[in-house]
Amino acid sequence: MMKKLFPLFPVLLLLLLAACFKEKMAVVGLPNDIDPNDTTQAPVKNGVKRKVLLIGISGVRGDAMREATAPNILGLIPHAVYSFDAVTQAPTNSGATWSSLLTGVWSDKHGVTDNTFAGNRFIRFPMGFRYLKTLLPQLRTLSLQAWPAVNNQLVTQADVTVSLPDNDAAVRDSAVNRLKTDPADIVVVGFSQVQTTAHNRGYGPAVPEYMSAITTVDGYVGDLLTALNSRPEKEKEDWLIIVTSDHGGTGNTEGSSSFPERNIFTIISNKKFTKKEVVPPLNSLRAIRYSEIGDYAYSKDPLYNFDSIKQFTVALSVRSAGFDYDPSFIGNKNWASGNNAGWLLCPKGSDKWKFQAGDGAGGARVDLTSTGPAITDNMWHTIAITVDRRTAPGTVVLFQDGVQAGTSSLNNLSPFAPSNDIKLAVGEDITGTYRETDGGADFQLANIRIWDTVWAKADMQKYNHCDTVQVTNPYYSRMIGWWKGIENTGNKLTDAGPLKRDLTLHNPAQWLTQEIDFCNGAIPAPVPQTVDVLPTLLSWLHIAVDPGWNLDGVSWLP
């Protein structure tokens, strides 16, 4: 069907508005499917107007909502696209995440990184009401919030704003009264008590007070749905209902980039939708988090007797936001003492990494710290070593992201492996007890590789910076282990190399879905994200998203 031409007045109005600001909002393109003879109303089909109720509940994790006693919210699911694995991005405070939810862009664009809203770029990347009011100026918009900052700092061009600080019940009462009688087209409601409870008692399904707070707000949502169903013009209205959270949390706080802090839930419901749960596909990039006592993988295979392997190369990808202690990334030694026989790679200080080796006698240990930049920026980094003991005194060379980052003599270290059942360990030393006795750290490891040869320096940058293919480089035939660590295969890390020597996982793996690949390129989200709410809302109203708006989200309408 040919799209109808939209009147030029709203576009001209937007141009005039944009000219008033140094930083301009992108020109709005022509929306589709809007009746040019009726631009003052929400889209109408057969006399039925499309409308939106958006409910944001601060601080509800997706895993908690899945287990919650929440019959009203979960009762939307039979007619919804929904996900308990939905995510937001760091920073995961309410200022940044509410801004992402209502602008459709991430904080690198809208500029909000904390709850002060300082540095916002809402002129260039405005709250969604501004798009709506420019294109459909007579749409009636309401925002009722228990956190006043949303209305005071973020919401623009609302016909009605109601702020009732930290009083979800009062927000419920006000929203119910208005839904019963107000001819509203877009209603945004924000609740805050779940987050407040989490700050006092903690986040997660194991916290009774937190789960009880979710049940309480579910009752409020039920009251809103009842009011919606009792509207006098309900037969002439078609409501899209979106219920979501802004961020999750861990412990008593939020703000960082861990998965519990980024994990939210999203339910997009309409009476005509059929049930569709969105879960991360098995082929989405995942990696294992090593953070708890017993989090390690190991091999008892005598192949990995590094005293008899006179030359080898080790490379792996590591991701962390900071180190507290120095448990091993990978190695073959008892890390209770650096003098013990064997070698390992481990954190150094709060943000670096190092190679460490000893001979068991205490006289010739080697400690070599990478000269590369910090690796605790929560991005993936490839760290690698080459060890050559074919001629005395032996040499070790460090590489970080393909660039040489240190070299040292091995001081004739021998033996280069201890007498132990476990020959190789990942995430721990070979005793499996270092985190328990000496301290832990929180990091992710993946794409772990070992060759029984020394890589040339030039090839490190050419092939090993962030390579996950491996079979295309000239060293593949010398590979004696390649554990991608991205596929859930039970209690093992599958060896994708030619020898097929799997590692055994001591604890069940903590799998984290990644938003970036090993080269730190963005991975399209396989599940709904915070920024998808606005494009979904616009799509429901038949407003085409102009590429010039540069939104980060997508519509999840079926």
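The values are calculated or read from the model by the stated rules, or taken from the named source; none is laboratory data. A quick note: this is a predicted structure, and the numbers were derived from the prediction, not measured. Neighbour counts run over all protein chains shown; Cβ positions are idealised from the backbone, glycine included.
Side notes on the structure shown:
- Any chance S414 is surrounded by fewer than 19 Cβ atoms within 10 Å (Cβ to Cβ) and modelled with pLDDT under 95: yes
- When region 314-337 is limited to residues that are closer than 14 Å to I375 by Cβ and among the aromatic types (F, W, Y), the one that is farthest from the chain's Cα centre (by Cα) turns out to be F329.
- Residue count for region 483-511, restricted to those that are assigned to a strand (DSSP E or B) and closer than 26 Å to Y463 by Cα: 4.
- Residue check for V527: under 30 Å from S291 (Cα atoms) and not in a loop (DSSP other than H, G, I, E, B): no
- Residues (crowded, with 18+ Cβ neighbours inside 10 Å and of a type in the set (D, E)) located in region 176-206: D185
- Tally of residues being aliphatic (A, V, I, L, M) and modelled with pLDDT of 90 or more across region 504-526: 2
- Yes/no for F117 being free of Cβ contacts under 8 Å to residues at least 40 places away in the same chain, surrounded by 19 or more Cβ atoms within 10 Å (Cβ to Cβ), assigned by the TED database to the domain that holds V221 and more than 12 Å from I186 (Cα to Cα): yes
- Among residues of region 516-541 that are free of Cβ contacts under 8 Å to residues at least 24 places away in the same chain, those with a Cβ under 8 angstrom from a residue that is assigned to a loop (DSSP other than H, G, I, E, B), sequence gap 6+ or separate chain, pair up as A522/E515; S539/V545; S539/S555; S539/L557.
- Looking only at residues in region 308-336 that are charged (D, E, K, R) and in a loop (DSSP other than H, G, I, E, B), the one that is farthest from S258 (Cα to Cα) is K310.
- Qualifying positions in region 435-460 - part of a loop (DSSP other than H, G, I, E, B) and of a type in the set (S, T, N, Q): T453
- Of all the listed residues (N270, N252, N263), the sole one being farther than 20 Å from P78 by Cα, in contact with a His (Cβ under 7 Å, 6 or more places away or on another chain) and either without any contact (Cβ under 8 Å) to a residue 12 or more places away in the chain or of a type outside the set (G, A, S) (or both) is N252.
- Listed by position, the strands (runs of 3 or more DSSP E) contained in region 337-393 that have at least 2 residues being under 19 Å from N305 (Cα atoms) are 342-348, 352-358, 381-388.
- Unmet requirement for F416, which otherwise passes all of (1) without any contact (Cβ under 8 Å) to a residue 60 or more places away in the chain; (2) not in a strand (DSSP E or B): (1)
- Single condition S419 does not satisfy, out of (1) over 25 Å from R319 (Cα atoms); (2) crowded, with 17+ Cβ neighbours inside 10 Å; (3) hydroxyl-bearing (S, T, Y): (2)
- Members of region 184-216 found to be touching a residue at least 24 places away in the same chain (Cβ under 8 Å) and over 25 Å from the mean Cα position of the chain (by Cα), listed by number: A184, D185, I186, V187, T215, T216
- Pair list, Cβ < 7 Å and 6+ apart or interchain, from region 392-403 residues that are farther than 17 Å from H381 by Cβ to residues that are modelled with pLDDT of 95 or more and assigned to a loop (DSSP other than H, G, I, E, B): P393/L410; G394/L410; T395/L410; V396/L410
- Residue in region 52-66 that is among the small types (G, A, S) and assigned to a helix (DSSP H, G or I) present: yes
- The single residue among W98, W106 that is of a type in the set (F, W, Y), out of contact with any strand residue (DSSP E or B) (no Cβ under 6 Å at 6 or more places or on another chain) and either closer than 23 Å to A184 by Cβ or buried (at least 24 other Cβ atoms within 10 Å of the Cβ) (or both) turns out to be W98.
- Looking only at region 128-142, and only at residues there that are out of contact with any strand residue (DSSP E or B) (no Cβ under 9 Å at 6 or more places or on another chain) and hydrophobic (A, V, I, L, M, F, W, C), the one that is surrounded by the fewest Cβ atoms within 10 Å (Cβ to Cβ): L136
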